[in-house]
Amino acid sequence: MFVDTEVSPILLRLREILGERSIDCYLIGGFVRDAIMRRATVDIDVVVGTRAMDVARDVASIIGGKYIPLDEPHQIARVIVPGGKHFHLDFATIRGNIAEDLTNRDFTINTVAVNLQEIASPVITFVDPFRGRDDIEGRQVRAVSEAVLQEDPLRLMRGPRLAAELGFSIESKTKTLIERNHQLVTSVAAERVRDELCRLLAVSGAAESLRLLDELGLLMMIIPELAATKGAQQPKEHFWDVFEHSIETVAAIEFVLRVGSPTYWDD
């Protein structure tokens, strides 16, 4: 597992602090996924075997970082690590034991955990009950269950966004689950949906990502005004209806920005 040389001292210091207090701690989620993929990241996700907000507050005080409470009912907090690269530690409380906690995660690629005490060991034992490493290797996004999508419907958007960011595909059963539950996305706060959509549009291939959202039934849920553009004909000078024209405009903008290339243009 790859760990950035700038991240290692942070993890070793955290291991020392929590070890002195006999607090169980696991690296988890996107940090472990990215480490397996050898992708550098500034986000370090950890779960601890006690009240996470108390731990985060203590860690911030000890290392001179900034403590930010994120979700008190669910015991989630962030510590901004001092220094120039803006690393941050996201703390959450383990729900049950680590295996039980992983069942509440969103996608299998985010359900691989590593005991922090093993971080400097030559051989690392992965906690991987959903074979997330296989999906990382196979480059596919697979939901842990339908229930996790229903529990937080923003995950319906997060799946396509993760696929776009990582260059993965969405596993066929997961596509079916997203399609079946697509209307639930309307129950999510607009600000959260906006953030996921903006992250998706920032990735190369945004036009194809929008087509995927449309295929999954999500696009019309989050931008209902687009429904009227489907089948809306334009003057004969235009090849597409208004909807297709809008999508191809996104592709053209990517071309201008040298991010992508519309398929209908010759090189």
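Tally the DSSP beta bridges in the chain and give the antiparallel ones as a percent, rounded to 5. Don't skip to the answer; put the middle values down first.
Numbers: 18 of 26 bridges.
Of the beta bridges lying entirely in the chain, close to 70 percent run antiparallel.
7 Å from Cα along Cα→Cβ at both LYS230 and ILE68: what's the point-to-point distance in nm?
Label-label distance for LYS230 and ILE68, simple model: 3.8 nm.
Net charge near LEU156: determine it from the other residues with C-beta under 12 Å of the C-beta of LEU156, scoring Lys and Arg +1 and Asp and Glu -1.
On the way: positive: ARG155, ARG158, ARG161, LYS175, ARG180, ARG192; negative: ASP106, GLU146, GLU151, ASP152, GLU179, GLU196.
For residues surrounding LEU156, the net value is 0.
How high is the FRET efficiency from THR50 to SER8, r the C-beta distance, R0 35 Å, rounded to 0.05? It would help to have the intermediate numbers written out before the result.
On the way: r = 24 Å, r/R0 = 0.70.
Result of the calculation: an efficiency of 0.90.
Placing unit charges on C-beta atoms (Lys and Arg positive, Asp and Glu negative, everything else neutral), compute the dipole magnitude of the chain about its Cα centre in debye, rounded to 20. It would help to have the intermediate numbers written out before the result.
Numbers: 30 positive and 41 negative charges, 73 e Å.
It works out to roughly 360 debye.
Note the angle between two axes, namely the Cα long axis of helix 52-63 and the longest principal axis of the Cα atoms of the chain, as a number of degrees from 0 to 90, rounded to the nearest 10.
70 degrees
How would TYR67, TYR26 line up from fewest to most surrounding beta-carbon atoms within 10 angstrom? Could the numbers behind the result be given before it?
Details: TYR67 16, TYR26 23.
Fewest to most other Cβ atoms nearby, the residues stand as TYR67, TYR26.
Here are some values of Cα extents along the principal axes in Å: [x] 74, 38, 33; [y] 48, 40, 40; [z] 53, 43, 34. Which one was computed from this structure?
Answer by label: [x].
Mean-square fluctuation check for the chain, GNM, Cα pairs under 10 Å: which of PHE255, PHE168, PHE130 is largest?
PHE255
Please rank HIS86, HIS245, HIS182, fewest neighbouring Cβ atoms within 10 Å first, as an exposure proxy. Present the calculation step by step, with values, prior to reporting the outcome.
Numbers: HIS86 10, HIS245 15, HIS182 21.
Ranked by crowding around the Cβ, least crowded first: HIS86, HIS245, HIS182.
Taking the beta-carbon count within 10 Å as an exposure proxy, list PHE2, PHE91 from fewest neighbours to most.
Ordered from fewest to most neighbouring Cβ atoms within 10 Å, PHE2, PHE91 come out as PHE2, PHE91.
Subtract the Cα-Cα distance of ASP134 and GLU146 from 0.36 nm times their separation in residues, and report this length gain in nm to one decimal. Don't skip to the end; give the middle numbers.
Details: separation 12, 0.36 × 12 = 4.32 nm, distance 1.98 nm.
In short, 2.3 nm is gained.
Starting from the 7 Å offset along Cα-to-Cβ, what nm value, one decimal, do you get for the label separation of ARG39 and GLN183?
Between ARG39 and GLN183, the label points sit 3.3 nm apart.
Given the options GLN117, VAL127, GLY217, identify the residue whose Cα lies farthest towards the positive end of the charge dipole of the chain (+1 on Cβ of Lys, Arg; -1 on Cβ of Asp, Glu).
GLN117
Since every read-out is calculated from the coordinates, none of them should be taken as a lab result. These figures come from a predicted structure and were not determined experimentally. In this analysis, Cβ positions are derived from the backbone assuming ideal geometry, glycine residues included, and neighbour counts consider all displayed protein chains.
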